[in-house]
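Structure first, then comments.
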């Protein structure tokens with residue numbers, strides 16, 4: 001099943017859904033003091049049901065991995081390896097995830113993009129040799145979507 | 001000229017372009033230590049040349065003013081007067097301004113939306129009887145656009 | 001309930017959900033020969049469950065009605081009454097509905113915007129004295145969302 | 001210069017700017033009977049000045065080429081090679097180009113996506129062994145942007 005493939009791939013690249021749920025909790029708990037971590041994880045799980053999310057994650061990580069393997073043509077290779085500040089394709093991709101839950105999704109995304117917290121700060125560390133140009137934004141997109149979903153009190157989708 | 005009508009209307013509602021330039025400076029100076037306030041104001045002026053900006057500002061302020069005058073039907077009137085947190089039309093409108101300069105624009109917009117600074121904090125003050133449900137987001141949209149424009153080193157547009 | 005208020009308002013402005021379902025059928029039946037009108041209407045009903053849709057429809061129709069009553073300041077009044085071709089706020093609002101179901105939603109929206117069919121052609125008729133600058137785009141947004149929802153085989157949301 | 005690299009890459013993949021200008025002419029000439037092909041080409045040239053366009057084109061074509069060379073992991077490889085209808089990452093990327101010139105840009109993009117004309121029909125031909133999952137949308141994005149630019153009567157940007 002595509003959903004499982006994508007969640008396994010995230011794990012392989014160092015991302016557990018529970019860590020995304022931590023970011024959701026940080027975003028959403030100021031507005032909802034009764035919020036539990038279990039609800040945050042459940043919301044991340046629901047976002048991970050969406051085919052658009054699967055496709056976007058597969059594509060972004062494929063670009064990260066290709067860059068790690070020096071398997072992209074220049075000048076794109078260097079742009080992605082250094083996560084060049086004016087390169088915005090990673091954000092464009094990821095914001096399409098955040099936007100599925102309305103405007104609250106994309107404002108949270110913008111906030112996370114400037115305040116890389118927890119998992120995102122780790123992925124943004126350029127000293128490891130790993131390339132996560134896309135992955136940190138994908139995580140922000142999923143967290144923003146899951147947070148907006150909670151804000152809207154969605155039960156099913 | 002439509003541009004002048006819009007700038008006058010912003011003034012009437014308490015917004016000077018120089019205050020928007022202050023926000024641009026706060027956003028962009030960490031990335032560019034040589035940035036001057038004059039460059040920030042110039043960038044705001046260029047954003048104010050765009051017809052899409054004129055139309056969006058006219059529409060948003062018309063809704064604020066209609067709400068201030070109790071001239072909207074319920075339940076929309078109460079939603080806009082209280083700037084209900086789940087109402088996202090104000091952000092939808094304003095992000096269309098920010099997006100004209102690429103992804104840097106909309107990530108800055110999301111950041112400002114959560115960190116209302118300077119002018120934006122003043123507009124967000126609900127105790128005055130004034131309604132600025134749309135205006136604070138319009139200011140964030142213009143500031144984000146002007147900041148992204150500087151980041152891209154645009155000279156002309 | 002907000003949902004009922006919004007559906008009643010659409011009716012008052014001349015829009016039945018069944019007519020939106022007709023547009024959904026036209027969009028989606030080429031890809032799914034077994035599609036029934038009942039499924040199209042069901043999909044429109046599900047889109048009408050979303051709070052973002054309620055807020056956007058309330059706002060757009062309030063602007064149409066205000067323009068019909070000459071209750072907007074110039075130059076905005078004339079821009080909305082004539083549905084000036086370069087005025088894009090109506091599309092900006094409505095595309096936020098279409099985007100909730102991913103990219104299929106917004107490409108359908110662009111298509112409908114240029115091929116105003118059925119109900120949309122009627123709303124676009126400028127000879128009636130009625131103002132539907134926003135409403136025709138809102139209908140396109142809802143139809144595009146409902147069509148994308150069917151394309152993705154969504155059951156619940 | 002990055003701009004030249006990108007234009008050369010488009011040529012290598014079978015796309016001349018003059019063919020994009022043909023699409024612009026088809027989109028925009030109904031609204032402007034005096035429009036010349038030279039103005040359409042000039043507008044495409046100006047869109048090609050933008051860094052966001054460079055980055056997006058480099059990324060999309062890199063994915064097409066990697067798919068052509070079977071150098072992507074499954075299931076992404078098959079999704080891109082068959083341009084699976086529910087895969088929307090290609091449209092997400094390309095619409096970010098179209099959006100830089102406001103809402104007219106993205107409605108034209110949606111229209112082109114459903115009415116693949118000229119060059120786009122050729123790129124969409126799956127019988128050649130070439131993979132243009134992203135390229136046909138990139139062409140639509142550039143054409144929509146150049147068309148919206150003309151609609152707004154932009155001189156400089």
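The values are calculated or read from the model by the stated rules, or taken from the named source; none is laboratory data. Nothing here was measured: the structure is a model prediction, and the numbers come from that model. Positions of Cβ are backbone-derived with ideal geometry, glycine not excepted, and every protein chain shown enters the neighbour counts.
The table below gives the values:
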| item | result |
| --- | --- |
| Helices (runs of 4 or more DSSP H) contained entirely in the stretch D:8-76, each with at least 2 residues that are surrounded by fewer than 19 Cβ atoms within 10 Å (Cβ to Cβ) and away from chain B (no Cβ under 14 Å) | D:17-28, D:37-47 |
| Odd one out for residue A:91, checked against (1) out of contact with any helix residue (DSSP H, G or I) (no Cβ under 6 Å at 6 or more places or on another chain); (2) within 7 Å of another protein chain (Cβ to nearest Cβ) | (1) |
| Candidate set: the stretch B:122-131, residues that are in contact (Cβ under 8 Å) with a residue 60 or more places away in the chain and in contact with a helix residue (DSSP H, G or I) (Cβ under 6 Å, 6 or more places away or on another chain); chosen: the one farthest from the other protein chains (Cβ to nearest Cβ) | B:123 |
| Residues within the stretch D:108-121 that are within 12 Å of chain C (Cβ to nearest Cβ) and either surrounded by 24 or more Cβ atoms within 10 Å (Cβ to Cβ) or part of a helix (DSSP H, G or I) (or both), tallied | 7 |
| Selection within the stretch A:139-156 - in a helix (DSSP H, G or I) and either surrounded by fewer than 24 Cβ atoms within 10 Å (Cβ to Cβ) or within 14 Å of chain B (Cβ to nearest Cβ) (or both) | A:140, A:141, A:143, A:144, A:145, A:147, A:148, A:149, A:150, A:151 |
| Residue list for the stretch A:11-38, restricted to those being in contact with a helix residue (DSSP H, G or I) (Cβ under 9 Å, 6 or more places away or on another chain), farther than 20 Å from residue A:116 by Cβ and at pLDDT below 95 | A:31, A:32 |
| Hits in the stretch A:122-138 - residues which are part of a helix (DSSP H, G or I) and over 12 Å from the mean Cα position of the chain (by Cα) | A:122, A:126, A:127, A:128 |
| Candidates C:97, C:80, filtered to the one that is away from chain D (no Cβ under 14 Å), without any contact (Cβ under 8 Å) to a residue 60 or more places away in the chain, within 23 Å of residue B:98 (Cα to Cα) and in contact with a helix residue (DSSP H, G or I) (Cβ under 8 Å, 6 or more places away or on another chain) | C:80 |
| Condition met for residue A:105 (part of a helix (DSSP H, G or I), more than 8 Å from every other protein chain (Cβ to nearest Cβ), within 30 Å of residue B:89 (Cα to Cα) and in contact (Cβ under 8 Å) with a residue 60 or more places away in the chain) | no |
| Output for the stretch A:17-57, where each listed residue is over 20 Å from residue A:121 (Cα atoms) and within 12 Å of the chain's Cα centre (by Cα) | A:47, A:48, A:53, A:54, A:56 |
